[in-house]
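Contents: one structure, followed by commentary.
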Amino acid sequence: MEPFTLIRPRTLDAAQTRALGAPAERVYKAGGIDLLDLLKEGLARPAELIDLRSLGDEHGQAMRALAASDSGWSVGALNTLAAISASALPQAYAALREAAGSAATPSIRNSATLGGNLLQRPRCWYFRHRDLHCLKKGGERCLADGGENKFHAILGGGPCHIVHPSTLAVALVALDAQVEIIGAEGPRRIPVGELFALPRVSPTAENTLGEGEVIRGVTLPAAAAGQRSVYEVAKEKQSFDWPLAEVAVALSVEGGALRTVRVALGHVAPTPWRAVQVEEALTGQAPSAELFARVAALATQGARSLGDNAYKIPLVQGLVRAALHRACDVPVPA
Amino acid sequence: MAGETTIYTLRLGFDDKLKAVKVEVPKGEPRPWDADSELAVIGRDTPRIDSVPKVTGAAQYTHDVRLPGMLHAAVLRSPHPAAEIEHLDVSPALKQPGVRAAIDLVKVGDKVRFAGADVAAVAAKTRDEARAALASIVVRYRPLPFVVDLDEAIQPGSPKVHEKAVKDRRTEGDEPSEGGKARVEGNVRRNPSLSKGSSNKGLRQAKVRHEATYTTQVHTHSALETHSIVVRWDSPKAMTAWCSTQGIFSVRDELAGVFELKPADVKVFTEYMGGGFGAKFGASAPGSRLGWIAGELARKSKAPVSLLLDRHEEHVCTGNRPGSTQRVTLGATTSGELTAIHVVGHGSAGIGTGAGIGNNAFGIYTRCPNILVESRDVFCNTGPGTAFRAPGHPQGAFAIELAIDELALKLGKDPLELRIGHVEHPVRRAQLELGRERFRWAERRREADAKRSRGARYLTGVGVACSIWGDYGRKNAARVTVSVDRDGVVEVRNGVQDIGGGITTVLAMVAAEVFARPVPSIRVQVGNSELGPSVGSGGSQTTSSVAPAARNAAEAVKAELTELAAKLLGRGSTEGLVWGSDGVSEVGGRKRTIAFAELCKKIEGEAVVATASRPQTYNAGPMRHPSAPVYQIAGAHFIEAEVDTWTGVVRVPEVLAIHDVGRVHNPLTTRSQVNGGIALGISYALMEQRIVDRGSGRMLNPNLESYKIIGAAELPKLDIVFTELHTGANSTGAVGIGEPSTIPTAAAIACAVHHAIGRPVRSLPMTPDRVLAAIQGA
Ligand SMILES: Cc1cc2nc3c(=O)[nH]c(=O)nc-3n(C[C@H](O)[C@H](O)[C@H](O)COP(=O)(O)OP(=O)(O)OC[C@H]3O[C@@H](n4cnc5c(N)ncnc54)[C@H](O)[C@@H]3O)c2cc1C
């Protein structure tokens, strides 16, 4: 690990002024969990880390807030996963609480923040390997294609086949969240799905943030009447591990029929992935075990195995089923 | 006098099967503890006497050693799985900041045979400087064709890993075996077989056959403390080393050998160590000459050198449990009598040897008259394997036990009854019968079958598997010194290392028992080669080699102190004197007592001191091990597994482990060994797996993040039962537990998963991808 200087600015303005002009040299730090890994692996060699946790201005306060607003709920980017998991977010947004409470380990969740979680780099073992130079690192080709690809993408991959690592992003996509971004030109807001970019757009970056831009937080729109949301995940190891696949579902039941259904899949594609066909097939239907079993198969339409990752197809289907059962209180066969 | 013996009649055996047995022991040996011995300390839960320094951080591990002027070493490792060195120049490293020495570890023209092999090394003032300087070393490699996959390496025409015959590298961690000649063809080396009867004939007689291939992954030791050594030259002919090792004397001997020193001029310390599991014998690691590197850099730089591996290096060059592919063929009569067991095991210990599959298929279901176990090493361009907690056994157990369950299903037989019908060892049989009741075998099986037929999402299954091990306690290897000084201080000294098993505490307990003193009052010194010869901690032989020696030494001191007491009490002999917590008392007559402290004050000179060892095992009853003339240790695990059929995730909610460990000296640390054995077994069964990229030959998960190791969330409810067995094998009755405790776990889980889903998962680890494939019938 190379030596670096830790800068602790008091205002967002100071932080952004510092960061502009040298993106690889000066980087923001929040909880520092992913950054530390990147430094140790030699994947990032910044001279300065600009700590966002020292911000004391109004932006800093907004980044630490977690509160109801006129139009829903705002969650500041510096909230830790532990804080989100233990927060007073209403049941309609339970998927976010559950996602935050399931990621990583208790000690990591105490440091890791929402902003850092959305912007963490992928876990692909070719990308993370100190001796290997893959497409994502500026090399010629994706080494997972034709290589060891058990954890890689079944949807949306190519030319690079990573899966996006952020668990919170999956819940936020299902909850139709907006991301609030502050750049040199002022604030902007985008749907969370637009924060992420497929490799065919940019093989070396996973998000669309501009230079020096900071995520201030996310807003969750007002919940539909009777909205429920859940998060389901499968891991090889129940703690200290990333998901094999994960699913977040938000829906409401009106007059016995499913409405405003949103289904997001994680760890199956280079970005959080919306299962639009599943949403459409569910809308207007009465919830039932048979329906869920049938529509789950639509979640992976167009999926393609790279060789070792075909199991993700039944796996994510199983998770979609499990999530729907729980969201609609339909008991699973026991 | 040599050859003189004493015969004791001891009550030996287990449960209600105790009987009087005559045991012949060398003269001078105390009467071995048997079923009639009333012990006050041995057999009671005793917390580790060194727990406070461990939990407060005061304990000094090799990683903590800081010597004045000490330098730090770093090793340049080959990025290529196979290459010829065309050019190598370490001199630019000498110009880097902080660097004081640089050495090459290969010569131009040499071949490196795995990614991670030693190439060159430097010593610098800080570890960061040493690592940074490696980049300046100039190496030109000529990459060569390579093979990293076991199945590919077997194919004729695949790149040859070694041009010449390879010498076996055996350590104290390997199970003693009779050895034999090996034949090499391509990358495949045929090792001696285990055979009885005629498996061909047995298969011809069979009415029902089961034949399938089972595979197991490469498993790395992943001790928390990575390999580490600090070397200081005390003179041109003498050195001191601090080393994280399972065998202090193997470190001393290797350093003496490579630097041409007298063993007596090499001092080795291992005050505390953070795990080894079989990979830490000698001063070096199986795939890296750590002892030479640290010693040579220290010699060149004239300063002590510390060499601590990082996690990446630990995974690639310090050994592993070899992977295997085992073809198992079983034959049986329609009534369920096994007529033949035939196993052909191919294993890969990378560039090394020793990928055999243990005694499980050969030594457990011995009512089967025809057994043939063939075993082959397959060379690959990957880091060498080495002994790993019960070498060969977990992989061997997995294949044979799952195959037996599959056969039982074909026969329509209960797999537990099939097993009970084929074991001969009385202890193992009793264990299987005990487990049947205690684990509610039949009831759980029925519940599980019902869930499966209902089509439940979560299915459960129960499985059972056995372990086999030997009492490898060694004669005359550990020389333990016990002293009692005028101040009443009782001290036990031996050069053994405590790798976490808790030998330090057991030594205190033995002395406390003999002298009737409280455990905390006993001083124990270990972890230093100057404290007297000892064994390496391999083969589960530490307690059984060292504790009896300690008892024998303590008894000799006690005898001398008893004489002194008799003299002080004016008695003609020691007859009629007994030791108790008050001191030494007369049984009859005036019932006088001399307090321990008073007695010690009267010691002539400084202290009463005795050094003793232990002789060869005196008894191999009730059943001998099939491959060595020693007592056979039995154990069995009963396991419930739960499978989420929607995700393929397997959980292990409950384990019943029944083990024979001879006399349990400290139940607390013995259970701790079994806890660890089971945790390791679950981890092996469900998640640990080295992934090597077939394209580049590099390990892709050389970390503790994508190389996954069990955590607290996966630990089951554990029920541990010891079949206390009075073996009469040595003066305290200790045998081993460390290794047997991990042997059956993965196998029993595989059987439980098979029962749950009705289909076998024939590859370890049973990760969700494989479980889903099995459920879907792929
Ligand atoms: C063993 C283990 C298991 C894990 N399992 C999971 C899991 O299951 N699911 C999951 O989602 N994650 C998992 N993680 C990852 C962990 O959650 C992330 O590393 C963490 O959330 C990153 O947050 P941070 O605050 O520490 O980010 P940092 O490391 O501080 O920052 C990460 C990146 O984000 C940038 N950044 C941070 N905040 C902002 C901001 N507000 N605006 C602009 N840029 C910003 C930084 O510049 C940096 O590039 C796991 C990690 C470990 C070690």
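Would you mind calculating the gained length between B:Lys196 and B:Leu144 on full extension (0.36 nm times residue separation, minus the Cα-Cα distance), in nm to one decimal? Present the calculation step by step, with values, prior to reporting the outcome.
Numbers: separation 52, 0.36 × 52 = 18.72 nm, distance 4.32 nm.
Stretched out fully, the B:Lys196 to B:Leu144 stretch lengthens by 14.4 nm.
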Cα shape, segment A:25-133, gyration tensor, a/c 1.5 rule = oblate
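What dipole magnitude, in Debye to the nearest 20, does segment A:229-328 give about its Cα centre under +1 on Lys/Arg Cβ and -1 on Asp/Glu Cβ?
Working: 10 positive and 9 negative charges, 7 e Å.
Computed about the Cα centre, the dipole is about 40 debye.
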The simple spin-label model distance between B:Leu668 and B:Glu24, using points 7 Å out along Cα→Cβ, in nm, is 4.2
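Students often get this wrong, so check it: of A:Lys136/A:Lys312; B:Lys160/B:Lys410; B:Lys167/B:Lys201; A:Lys150/B:Lys125, which have C-alpha atoms separated by over 32 Å?
Details: A:Lys136/A:Lys312 23 Å; B:Lys160/B:Lys410 41 Å; B:Lys167/B:Lys201 35 Å; A:Lys150/B:Lys125 42 Å.
Table pairs above 32 Å Cα-Cα are B:Lys160/B:Lys410; B:Lys167/B:Lys201; A:Lys150/B:Lys125.
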So how far apart, in nm, are the two label points at A:Leu20 and A:Ser239 if each is 7 Å from Cα heading toward Cβ?
-> 4.5
Expressed as a rounded percentage, what relative contact order does segment A:123-274 have, with Cα pairs under 8 Å and six or more residues apart?
-> 27
Projected onto the charge dipole of segment A:20-134 (unit charges on the beta-carbon of Lys, Arg, Asp and Glu, signs +1, +1, -1, -1), the Cα from A:His133, A:Ser107, A:Ser69 with the largest positive-side position is that of A:His133
Sort chain B into rounded, prolate or oblate with this rule: let a ≥ b ≥ c be the square roots of the eigenvalues of the Cα gyration tensor; rounded if a/c is under 1.5, and if a/c is not under 1.5, prolate when a/b is larger than b/c, oblate otherwise.
-> oblate
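Could you give the dipole magnitude of the protein assembly as shown about its Cα centre, charging the beta-carbon of Lys and Arg +1 and that of Asp and Glu -1, in debye to the nearest 20?
Working: 129 positive and 117 negative charges, 264 e Å.
Roughly 1260 debye, rounded to the nearest 20.
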Scoring only Lys, Arg, Asp and Glu (+1, +1, -1, -1) among other residues with Cβ under 15 Å from the Cβ of A:Leu258 yields +1
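Which value, in debye to the nearest 20, describes the size of the charge dipole of segment A:60-221 about its Cα centre when Lys and Arg Cβ atoms bear +1, Asp and Glu Cβ atoms bear -1, and nothing else is charged? List each step's numbers first, then the result.
Working: 15 positive and 13 negative charges, 82 e Å.
The dipole magnitude comes to about 400 debye.
Kindly flag which residue pairs out of B:Lys19/B:Lys196; B:Lys267/B:Lys300; B:Lys164/B:Lys300; B:Lys558/B:Lys591 have an alpha-carbon separation exceeding 26 Å in this structure.
Numbers: B:Lys19/B:Lys196 31 Å; B:Lys267/B:Lys300 20 Å; B:Lys164/B:Lys300 33 Å; B:Lys558/B:Lys591 20 Å.
Exceeds cut-off: B:Lys19/B:Lys196; B:Lys164/B:Lys300.
Given contacts defined as C-alpha pairs under 8 Å and at least six residues apart, what's the relative contact order of chain A, whole-number percent? Please report the intermediate quantities before stating the final value.
Details: 750 pairs, mean separation 55.5, N = 334.
Computed value for chain A: 17 percent relative contact order.
Can you sort B:Glu225, B:Glu4, B:Glu84 by 1.4 Å-probe accessible area, starting with the largest? Intermediate results must be reported in sequence, preceding the final value.
Working: B:Glu225 15, B:Glu4 80, B:Glu84 45 Å².
Result of the area sort, largest leading: B:Glu4, B:Glu84, B:Glu225.
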Normalised by the number of residues in chain B, what is the relative contact order in percent for Cα pairs under 8 Å and 6+ residues apart?
-> 16
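Calculated FRET efficiency, B:Glu443 and B:Gln776, Cβ-Cβ r, R0 35 Å, to nearest 0.05? All intermediate terms of the calculation are to be shown ahead of the outcome.
Values: r = 30 Å, r/R0 = 0.85.
The computed FRET efficiency comes out at 0.75.
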Which Cα, out of B:Ala747, B:Ile499, B:Ala182, lies furthest along the positive dipole direction of chain B (beta carbon charges, K/R +1, D/E -1)?
-> B:Ala182
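Between B:Arg454 and B:Asp16, what is the FRET efficiency for a Förster distance of 41 Å, r being their Cβ-Cβ separation, to the nearest 0.05? Don't skip to the end; give the middle numbers.
Numbers: r = 42 Å, r/R0 = 1.03.
For R0 = 41 Å, the calculated efficiency reads 0.45.
Going from most exposed to least, what order do A:Lys40, B:Lys54 have by accessible area with a 1.4 Å probe?
On the way: A:Lys40 130, B:Lys54 65 Å².
Order by accessible area, largest first: A:Lys40, B:Lys54.
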Take the Cβ-Cβ distance between A:Glu140 and A:Gln285 as r, set R0 to 51 Å, and report the resulting FRET efficiency rounded to the nearest 0.05.
-> 0.60
Give the shape of segment A:183-334 as rounded, prolate or oblate, defined through the alpha-carbon gyration tensor: a ≥ b ≥ c are the square roots of its eigenvalues, a/c under 1.5 means rounded, and otherwise the shape is prolate if a/b is larger than b/c and oblate if not.
-> oblate
Placing each pseudo-label 7 Å from Cα in the direction of the beta carbon, B:Glu4 and B:Ala597 end up separated by a distance in nanometres of 3.9
Mean Kyte-Doolittle of at least -1.0 and a Cα length of 24 Å or more along the axis: which whole DSSP H helices of chain B meet both?
-> B:393-411, B:542-568, B:667-686
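The values are calculated or read from the model by the stated rules, or taken from the named source; none is laboratory data. Only a predicted model underlies this, so the values are computations on that prediction, with no experimental measurement involved. Every residue, glycine as well, gets a Cβ built from its backbone with ideal geometry; the counts of neighbours run over all protein chains shown. Areas reflect the complete protein model, heavy atoms only, side chains present, ligands, DNA and RNA absent. Shrake-Rupley method; radii C 1.70, N 1.55, O 1.52, S 1.80 Å.
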